[in-house]
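> Structure provided below as structure tokens; questions to follow.
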Amino acid sequence: QVQLVESGGGLVQPGGSLRLSCAASGFAVNTYVMYWYRQAPGKERELVAFITTAGYINYADSVDGRFTISRDNAENMVYLQMKSLKPEDTAVYYCNARGRSGFWGQGTQVTVSS
């Protein structure tokens with residue numbers, strides 16, 4: 001059974017850092033393109049970053065230079081390291097495999113506030 005479980009969300013001050021984790025089961029994370037999406041209150045779900053099976057990485061302009069997506073094949077995990085966080089980064093963050101029509105995690109809340 002395919003399953004994605006996010007963790008690591010929480011409350012952080014502006015300028016702070018947070019590391020999100022995505023634990024995958026039922027498939028190997030290096031066999032699909034892996035994505036991080038986020039959805040803020042009143043906003044549509046938006047792409048944050050992705051990593052392809054070949055290791056190509058792309059980021060949304062709003063997070064480029066601040067966020068880092070990575071993959072640990074041995075642990076079957078995907079991570080999102082977030083630095084220099086801004087209040088506008090506040091959202092529920094979702095791990096995804098294979099794109100919007102693929103597999104989704106439950107989401108983890110990230111709140112950036114002083």
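> Taking only the range 33-44 into account, find how many residues are surrounded by fewer than 16 Cβ atoms within 10 Å (Cβ to Cβ) and in a loop (DSSP other than H, G, I, E, B).
Going through the range 33-44 one residue at a time, the tally reaches 5.
> Determine the pairs where a residue that is on the phi > 0 side of the Ramachandran plot, located within the range 53-74, has a partner that is in a strand (DSSP E or B) and among the acidic types (Asp, Glu) with Cβ atoms under 7 Å apart, the partner being 6 or more residues away or on another chain.
Pairs that qualify, where the first residue is on the phi > 0 side of the Ramachandran plot and the partner is in a strand (DSSP E or B) and among the acidic types (Asp, Glu): there are none.
> From the list Ser70, Ser84, which one is open to solvent by 30 Å² or more (accessible area, probe 1.4 Å) and either in contact with an Asp or Glu (Cβ under 8 Å, 6 or more places away or on another chain) or in a loop (DSSP other than H, G, I, E, B) (or both)?
Result: Ser84 is the single residue among Ser70, Ser84 that is open to solvent by 30 Å² or more (accessible area, probe 1.4 Å) and either in contact with an Asp or Glu (Cβ under 8 Å, 6 or more places away or on another chain) or in a loop (DSSP other than H, G, I, E, B) (or both).
Condition check ((1) touching a Gly at 6+ places or on another chain (Cβ under 8 Å); (2) aliphatic (A, V, I, L, M); (3) open to solvent by less than 60 Å² (accessible area, probe 1.4 Å)) across all residues:
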| site | (1), (2), (3) |
| --- | --- |
| Gly16 | no, no, yes |
| Ala23 | no, yes, yes |
| Thr31 | no, no, no |
| Ile51 | no, yes, yes |
| Gly55 | no, no, yes |
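> Still on this structure: Quick one: is Met77 open to solvent by less than 20 Å² (accessible area, probe 1.4 Å) and in contact with a helix residue (DSSP H, G or I) (Cβ under 8 Å, 6 or more places away or on another chain)?
no
> Under 9 Å between Cβ atoms, which residue pairs at least 6 apart in sequence (or on different chains) link something in the range 83-103 that is closer than 19 Å to Gln13 by Cβ with a partner that is exposed (fewer than 13 other Cβ atoms within 10 Å of the Cβ) and of a type in the set (Lys, Arg)?
These pairs meet every condition: Ala91/Lys43.
> For the range 45-55, does any single residue satisfy the condition of being in a strand (DSSP E or B) and farther than 19 Å from Thr111 by Cα?
Yes.
The values are calculated or read from the model by the stated rules, or taken from the named source; none is laboratory data. Computed from a predicted structure; not experimentally measured. Glycine also receives a Cβ, built like all others from the backbone with ideal geometry; neighbour counts cover every protein chain displayed. Just the protein is used for accessible areas: all its heavy atoms, side chains included, with ligands, DNA and RNA removed. Shrake-Rupley method; radii C 1.70, N 1.55, O 1.52, S 1.80 Å.
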